[in-house]
Amino acid sequence: IRAMARILNSYEGRGVITLAQIVNTWAPPMENNTGAYVTHLARLLNIAPNDRVNDRAGLIAGIIKHENGQQPYSMTTIQKGVSLA
């Protein structure tokens, strides 16, 4: 989780800040169905694809759920990982 947060921090440093930009960088279209990925995360985060992502812990929870089909970590654990990044 800390590593994911560090990667997302590096994206932000490069100007990759919207949900669509993040997903297209994290899970490139040549390897993933990024449209479905963005739609899933947008629904979970209650934001539009071109909105800036301000909820890092929520984003990470959504990525974990999308990638694994489940989300086994508590938000406390995810928030701690984010804070350590």
Revision key, fill the gap. Expected vector for the stretch 67-75, Karplus 3J(HN,Hα) from phi with 6.51, -1.76, 1.60 and θ = phi - 60°, integer Hz, x for Gly and Pro, equals 6, 10, x, 7, 10, x, 9, 6, 5
Practice item. Would you pull out the residues with amide H under 5 Å of residue 51's amide H, same chain only if 5 or more places away, H placed 1.01 Å from N? Key: 19, 20
Study note, to complete from the structure: Carbon plus sulfur, as percent of the 1.4 Å-probe accessible area of the chain, comes to 48 percent
Point to revise | Hz values of 3J(HN,Hα) by residue in the stretch 21-38 - Karplus curve (6.51, -1.76, 1.60), Gly and Pro given as x | key: 4, 4, 5, 5, 7, 5, 10, x, x, 5, 10, 9, 8, 5, x, 5, 4, 4
**Study point:** Accessible area in the full protein assembly, largest first, 1.4 Å probe, for 25, 34
**Key:** 25, 34
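State, as an integer percentage, the relative contact order of the chain based on alpha-carbon contacts under 8 Å between residues 6 or more apart.
The normalised contact order for the chain reaches 38 percent.
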Review point. How big is the charge dipole of the chain about its Cα centre, in debye rounded to the nearest 20, if each Lys and Arg gets +1 on its Cβ and each Asp and Glu gets -1 on its Cβ?
Key: 220 debye
Review point. Sequence-distant or interchain residues sharing an amide H contact under 5 Å with residue 32, placed H: which?
Key: none
Check your understanding: At a probe size of 1.4 Å, how large is the accessible area of residue 44, to the nearest 10 Å²?
Key -> 90 Å²
Exercise for review: Mind putting together the pair-distance distribution for the chain? All Cα pairs, 5 Å bins, whole percent per bin, short to long.
Suggested key: 3, 16, 27, 27, 20, 6, 0
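The values are calculated or read from the model by the stated rules, or taken from the named source; none is laboratory data. Note that the structure is predicted; figures quoted are calculated from it, not measured. Counting neighbours? That spans all protein chains shown, and the Cβs are built from the backbone with ideal geometry, glycine included. Side chains are part of the model used for accessible areas, which takes the heavy atoms of the whole protein and leaves out ligands, DNA and RNA. Shrake-Rupley method; radii C 1.70, N 1.55, O 1.52, S 1.80 Å.
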